[in-house]
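The values are calculated or read from the model by the stated rules, or taken from the named source; none is laboratory data. As the structure is a computational prediction, the values presented were derived from the model and not from experiment. As a convention, Cβ positions derive from the backbone with ideal geometry for all residues, glycine included, and neighbour counts pool all protein chains shown.
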Amino acid sequence: MVNFFGPRRLLFLFLVLPLKLAAQNPAAGPRPLDYDTPALLFPFLAGAPGINSRAAVLADAETGTVLYAKNQDGEIPPASLVKLMTMHLVLKEAAAGRVSLDDTVPLGEKSWAINQPPRSSLMFLAPGQTVTLREILLGLAVSSGNDAAIAAALSAAPTVRDFVSMMNFEARRMGLVKTRFTEPSGISENNMTTAGEFALFCRQYIALHPESLAEFHSVPEFAYPKPQNTAAAFRGNSRTIVQNNRNALLKTFPGVDGLKTGYIDEAGYNIALTAERDGTRFVAVLLGAPASPGGDRLRDKDGAELLSWAFANFRTVRPPAGDLEPARLWKGRADWARLKPAEGAALNPASFTAPKGRAGSLRLSAEIADPLIAPLPADYPVGDLVLSDEYGEVHRVPLLTESSYEQGNIFKRIWHSLMLLFRR
């Protein structure tokens, strides 16, 4: 009988896990997905393609602006997209210095290929092999190995059950309310997500692990086991298996460099996609393409058509960085108030999504409340930063006070009151 409350597991649950999760809580992450599409983009939305998948979301990966949504809140099993959360937690462990991707991973019997459920995709882990954590992640990203998912989970937690607890805690921390996990590979129909939530997750994943796209998700093929992975007695006949990346759009759609495909009967064909061209990156999640012969081709067609439409109509614009001029302050100890955009401390009011033909050159102007009178708290809204091109306004960002500003003495307040009276 397994003792689920043995000393090692209790130590993990009550000491190690809380410390890990606390360390994984960043001070600031990317902005959430924004379904309130700016009016400037409305004329282009009607041209979006129809798709076969049951649910889909496409967004600007940098700004979070949602450009396409279909049944974004419908719950569908993610299938092997679950492996992205498994990879995310392992990569966070590596970023925190608790593991190295070059560490050798012990292969318990639960991670052996022969012990995976029927119809599992496999990396082909076996007893006696020597394998690094980096190879395990390649086995997840390229081969989509369910055995690799178990090995990855056990590299970060005492049991698979403990790792699933980490997955669900992390999902909540990342703002995923409906998403839930029951195991780390995605083979179970009891895993659940929505297109909207998984697009939000993918956007955060890319922001946190940008190197993973080149190191894992866009790798075209993975060969395993190689002679160095096998026991000495078998190195002359390692029976290496070469598997191609299951994301066919890596080869057929210019700019695609991730992320993951998935399939189980209960979900149909799923894909999480990202592509970058000329400084604009989109992220798309499509769930529930038909679970029938050719369903994978319909899923890939949906993804390619959505990305083609997005690149043809939209782009990410990044305003030039710089300092904002201070605003005149009345009746305060200081005569000028320093301002900042609501979405950033520098004059880069977080990038925004614009139509492809707009915002080639930008003019910036400030609309400030007049008069601006002390006292004012920090982060107090005082106006807007307006960005315009030759056709008119393209974006607007609230302006806030950079710090608090106290009232001046009685004499200064009286003098400024007189000045304002005559000014009016």
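Name the pairs whose Cβ atoms lie under 8 Å apart, with the first residue in the range 389-405 and farther than 16 Å from PHE42 by Cα and touching a residue at least 12 places away in the same chain (Cβ under 8 Å), the second assigned to a strand (DSSP E or B) and of a type in the set (Asp, Glu), and 6 or more positions between them or separate chains?
Every condition considered, the pairs that remain are ARG396/ASP384; VAL397/ASP384; PRO398/ASP384; LEU399/ASP384.
For THR63, state whether it is touching a residue at least 12 places away in the same chain (Cβ under 8 Å), under 27 Å from SER351 (Cβ atoms) and of a type in the set (Ser, Thr, Tyr).
yes
For PHE163, indicate whether it is of a type in the set (Phe, Trp, Tyr) and part of a helix (DSSP H, G or I). Quick ask: steps written out before the conclusion?
On the way: of a type in the set (Phe, Trp, Tyr): yes; part of a helix (DSSP H, G or I): yes.
Against the criterion (of a type in the set (Phe, Trp, Tyr) and part of a helix (DSSP H, G or I)), PHE163 qualifies.
If I go through the range 254-311 residue by residue, how many of them are surrounded by fewer than 21 Cβ atoms within 10 Å (Cβ to Cβ) and in a helix (DSSP H, G or I)?
10
Considering the range 225-251 alone, what residues qualify as being surrounded by 15 or more Cβ atoms within 10 Å (Cβ to Cβ) and more than 20 Å from GLY262 (Cβ to Cβ)?
PRO225, ASN229, THR230, PHE234, SER238 - these are the residues of the range 225-251 that are surrounded by 15 or more Cβ atoms within 10 Å (Cβ to Cβ) and more than 20 Å from GLY262 (Cβ to Cβ).
Could you look through the range 80-118, keep only residues that are in contact with a strand residue (DSSP E or B) (Cβ under 7 Å, 6 or more places away or on another chain), closer than 22 Å to MET174 by Cα and aliphatic (A, V, I, L, M), and pick out the one that is surrounded by the fewest Cβ atoms within 10 Å (Cβ to Cβ)?
Among residues in the range 80-118 that are in contact with a strand residue (DSSP E or B) (Cβ under 7 Å, 6 or more places away or on another chain), closer than 22 Å to MET174 by Cα and aliphatic (A, V, I, L, M), the one surrounded by the fewest Cβ atoms within 10 Å (Cβ to Cβ) is LEU84.
From the set of residues in the range 221-233 that are without any contact (Cβ under 8 Å) to a residue 40 or more places away in the chain and not basic (Lys, Arg), which is nearest to ALA272 (Cα to Cα)?
Of everything passing the filter in the range 221-233, ALA223 is nearest to ALA272 (Cα to Cα).
Within the range 258-282, can you find the residues that are small (Gly, Ala, Ser) and under 14 Å from ARG54 (Cβ atoms)?
GLY262, ALA267, GLY268
I'd like to know if the range 343-354 contains one or more residues that are surrounded by fewer than 14 Cβ atoms within 10 Å (Cβ to Cβ) and at pLDDT 95 or above. Break it down into steps so the answer makes sense when it comes.
First, pick out the residues of the range 343-354 that are surrounded by fewer than 14 Cβ atoms within 10 Å (Cβ to Cβ): 345-346.
Subsequent filtering for residues that are at pLDDT 95 or above retains none.
Among the residues of the range 343-354, not one is surrounded by fewer than 14 Cβ atoms within 10 Å (Cβ to Cβ) and at pLDDT 95 or above, which makes the answer no.
Among the residues of the range 286-326, which ones are of a type in the set (Lys, Arg) and either assigned by TED's automatic domain parsing to the domain that holds LEU362 or in contact (Cβ under 8 Å) with a residue 24 or more places away in the chain (or both)?
ARG299, LYS301, ARG315, ARG318
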